[in-house]
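Just so you know, all these numbers are worked out from the coordinates, no wet-lab data involved. All figures in this text were calculated on a predicted structure; none of them were measured in a lab. Heads up, the Cβs are rebuilt from the backbone with ideal geometry, glycines too, and the neighbour counts pull from every protein chain shown.
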Amino acid sequence: MRAVVLSGGGSKGSYEIGVWKALRKMHISYDIVTGTSVGALNAAFMVEGNYYKAKHLWNTLSFSYLFKEEIDNDLSTRDLVKLYGKNILLHGGMDVENLERLIKESIHVKRFFKSRVDFGLITVNSKNLNPVEITKLEIDPNHLHDYLIASATCFPAFKKKQIKNDKYIDGGYYDNLPINLAIKMGATEIIAVDLKAIGVKQKIIDENIPITYITPNRPLANMLVFDKEDAKRGMRLGYLDTLKVYGRLEGKYFSFKKGQLSKYGSIYHKQVIHYLKNLFKKDDNLLENLLKLTLYKRLMNDKNEDFFQHIIESLGDSFHLDDTKIYSFKEYNFQLTRKLNEEGNVHQKEIKKSFKESKISKWLNTKWIIIYIYEKLFTLKLDKNNKELLTIATLVPKEFMQAIYLYIIN
């Protein structure tokens, strides 16, 4: 029996809907879904089988809609803490009345209980801090929505949820990734979506159960800020990361069509090594000293293609390429070149001074350093000793390799 396990993580939960989309695309079915906090809410949608309703909900979410509070989307973390702090002090936490109404409108009780897919969630009794692991068979249909809200009650940010005579708080206080609950429910195979959010994780009770982990490769939004644009991005990243885990795409920080990164990355890896050797061939001692540095040792290992792929993808970060797209290698290089050509004059004097003094100022932008080296490569002569470049190569090896890569593709 295959289980999907969804972790808590507040607004980061949109990522889990993207994972679901990818599972649907690959026709990967499931028999059990367990979740904690926002993972429990998403799990309920997966049990019901209504992907499009879940997607619509995340596409329309906003902070003010959920909590009756108007906020600026550019609110700083400090101001956000003040907002939550004020509600904690004055009201015992944020009022989640709107969220409760939204869940009641969105999760169809009869459809949920008629589904063949089993379900489990975790919440915590606030009185004694005992965990409550409850499954579909144990949930009173009249209290389904209550338990969903209870699991997602991120105390003290949100008010405690009362069910009958007890009050409950977020299940993340006991187990934010309820793999063990899925195992207890009979799972023999698990797909675990870990949002890497704050929360306790219990030691797995059966190490023999095969687990496929799906985790964000890119930073997701602040878990306490609910914004529809952030949600759309989260869903897209969840979709892409899942396809990578299952070998349908390549890359880590960026997404490449299958076979593109491994094939062309290997070709350019060899070209960068060849260029580097030619660059310092006039002085074997200098080259030998350079190649003693850890990053260059890794570069020179023909089998270490993962390292060079990281060098390539980090360039996309430096030049702010769109990390929600699926690239061919040709398109990725084209976008790098376009971004490179769009850049104005870098701070040549400051960078040159930093290299001359053999130190890099903290304020220097990585992109500026790469462009500076790239421009130097166009003016040098390979038949001369290039001691200035050797200094640069020693101080910033990663950026130096990236500049060579840009030089080669242009």
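Numbers for the structure displayed
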{"item": "At R0 = 25 Å, FRET efficiency that the Cβ-Cβ distance of Thr391 and His320 yields, to 0.05", "result": "0.35"}
{"item": "Sorted peptide list for 120-131, 209-220, criterion being average Cβ within 10 angstrom, highest first", "result": "120-131, 209-220"}
{"item": "FRET efficiency estimate (nearest 0.05) - Cβ-Cβ, Leu291 to Asp206, R0 51 angstrom", "result": "0.60"}
{"item": "The stretch 200-245: radius of gyration over Cα atoms, expressed as a fraction of 2.2 N^0.38 Å", "result": "1.49"}
{"item": "The stretch 105-193, Cα convex hull volume normalised per residue, Å³", "result": "115 Å³"}
{"item": "Full-stretch length increase - Lys270, Lys184 - with 0.36 nm per residue and alpha-carbon distance subtracted", "result": "25.9 nm"}
{"item": "At R0 = 60 Å, FRET efficiency that the Cβ-Cβ distance of Asp166 and Arg248 yields, to 0.05", "result": "0.85"}
{"item": "Beta bridge orientation in the stretch 187-332: antiparallel %, DSSP, nearest 5", "result": "25 percent"}
{"item": "Nitroxide proxy distance, nm - points 7 Å out along Cα→Cβ at Arg338 and Asn301", "result": "3.6 nm"}
{"item": "Only Lys, Arg (+1) and Asp, Glu (-1) charged, at Cβ; the stretch 226-278 dipole about Cα centre in debye", "result": "280 debye"}
{"item": "Extension reserve of the Leu137-Phe378 stretch, reckoned as 0.36 nm per residue once the Cα distance is removed", "result": "79.8 nm"}
{"item": "Separation between Cα centres of the stretch 96-133 and the stretch 1-43, rounded to whole Å", "result": "14 Å"}
{"item": "Computed over the stretch 199-322: relative contact order in percent, which uses C-alpha pairs under 8 Å that are six or more apart", "result": "18 percent"}
{"item": "Virtual spin-label span in nm between Asn125 and Lys257, 7 Å along Cα→Cβ", "result": "5.8 nm"}
{"item": "Size of electric dipole in the stretch 125-195: Cβ of Lys, Arg +1 and of Asp, Glu -1, about Cα centre, debye, nearest 20", "result": "360 debye"}
{"item": "Within the stretch 150-239: Cβ-based charge dipole about Cα centre, in debye rounded to nearest 20 (Lys, Arg +1; Asp, Glu -1)", "result": "380 debye"}
{"item": "Added length on full extension, which subtracts the Cα-Cα distance from 0.36 nm per residue, Glu331 to Arg116", "result": "73.0 nm"}
{"item": "Label-point gap, in nm, between Arg101 and Ile408 - each point 7 angstrom along Cα→Cβ", "result": "6.0 nm"}
